[in-house]
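Asker: Structure below; questions to follow.
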Amino acid sequence: MGGSRSTDGLCFGFSLECGGRPGLSKPSKIVGGLEASQGEIPWQVSLKEGSRHFCGATIIGERWLLSAAHCFNQTKLEYLKAYLGTTSLTGADGNAVKVSIKKVMPHPSYNPIILDFDVAVLELASPLHFNKYIQPVCLPLAVQKFPVGKKCMISGWGNVREGNSDKRLQKASVGIIDQKTCNVLYNFSLTDRMICAGFLEGRVDSCQGDSGGPLACEETPGLFYLAGVVSWGIGCAQAKRPGVYSRITKLKDWILDAISSKPNLSSGAGTSPSTATARTSTTSSSPAQPSSNEAATSPGSQIATKPAATPRKTTTAAPKTTGAARPSQLPGNRRGPGLGCL
Ligand code: 4AZ
C-alpha cells in the first residue's frame, strides 16, 4: 500500500514516480479473484469501443498505455476510448476519466498466430493528470528477474469464470511459473517474450476480457513493476493451463523506443516522454521454443478478431532487443526539475 517512487539513473536530475498506490487506504475478473478497492490498481485501464469493454491496458506514462497487440485486430481508432481512475466499468464511482487514443502501435514483430511479441503501445490524445486513482506502473529493468513462485497481481474486468464477466474490477494474486515447466504444459509453444503465471492446480487466472491488462509485481513494499501483459492461455483457471503473459523485460527496449520515437508535439514543452525507473537487477527469462499444437483458447479482445490463440508452429521472431539493461521507465509524475528522460 502506500505510494512510493523510484528514481532513475537515466533521468539525471529528475525523479519520476511510478508503481505506487497513493489512493489506497487499505491494502487490500479474473477467475478466483476479489474486488479491487478504489486506488488499489491505479494503473489499470479499460479499453472500450463505444460502450463495450474489450480489453485492459496499463498506464506507463502521462501519455502512454501498454496493452496487448491482439486487442487491436479490428479496432477503429475513432471509437476507441480509455477509461482510467475507476474500478467500475459503468463509471459508478464518479472517478472515471475518459481519454481518446491518438495512436496504436503494435509491436512490429507481433505474430498473431502464436501471439509472440503481443504488446502494443497506445498514445493518448491528451496527457493524464496523475492523482490518487491514476498512476503509472513502473517498467522493469531489462535484466530484472521475477522469480518462480513470486506472487504478482493480475487485474481486469474480464470473465470471472469462463463466459461470465463482471462490472467491478477484479484482482488476484498469481505465482510466477517456471518457463520450462510452462513450455511443456503448452507443448513447447512459448517464446522468450512470454511468461506464465498462475497455479498448476488452476482456479485463479486471467480470462477473456482481461487481455492487455497488467501482471504487476511488488518489488519493494509499495512499488509495483509490470512483469507481464495478459496475453493468452487455454481456457481460464484450468489445471495445468496457466495464464501466459507478454514478458515485459524482453519487450521493454521496443516500448521505450516507441514512446520516445517522437517528441511530444501536441502538448507540453517538447519534452520527451516522462520516464520513471527501476532499480532491481538480475537476469531474467528463459528459453523459448517454438512449435506445437493444441487447441487453445485464445486471447481475446472481444472486439478484435481473436487470434487463434493456439500454439502452433513457431516462427520465433528474433528478440528485438536493443541495448541492454535500461532502467525502467516512465512514470509520469515529475518530482524534480528537469525534462524528460531517455
Ligand atoms: C482471452 O481470451 C484470454 N487464462 C485471456 C487470458 C487467458 C485466456 C484467454 C488466460 O482474452
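We did not get these values from a lab; they are worked out from the coordinates using the rules stated. Bear in mind the structure is a predicted one, so any value in this text is a computation, not a measurement. Positions of Cβ are generated from backbone atoms using ideal geometry, with glycine treated the same way; all protein chains shown enter the neighbour counts.
Asker: Along the charge dipole of segment 63-219, Cβ charges K/R +1 and D/E -1, which of 134, 177, 72 sits furthest on the positive end?
Answerer: 134
Asker: Sorted by mean Cβ packing within 10 Å, highest first, what order do the peptides 33-46, 54-67 take?
Answerer: My ranking of the peptides, most packed first, is 54-67, 33-46.
Asker: Shifting gears a bit: Pop the C-beta distance of residue 76 and residue 220 into the FRET formula with R0 = 30 Å and round what comes out to the nearest 0.05.
Answerer: Plugging the Cβ-Cβ distance into 1/(1 + (r/R0)^6) gives 0.15.
Asker: Using Cα-Cα distances under 8 Å and only pairs 6 or more residues apart, what relative contact order does segment 157-246 have, in percent?
Answerer: 30 percent
Asker: Grab the beta carbon distance between residue 102 and residue 181, set R0 = 45 Å, and tell me the FRET efficiency rounded to 0.05.
Answerer: 0.65
Asker: Checking the table 76/102; 103/171; 150/250; 151/171; 98/167; 81/167 against a 20 Å threshold on Cα-Cα, which pairs fail?
Answerer: Correct reply: 103/171.
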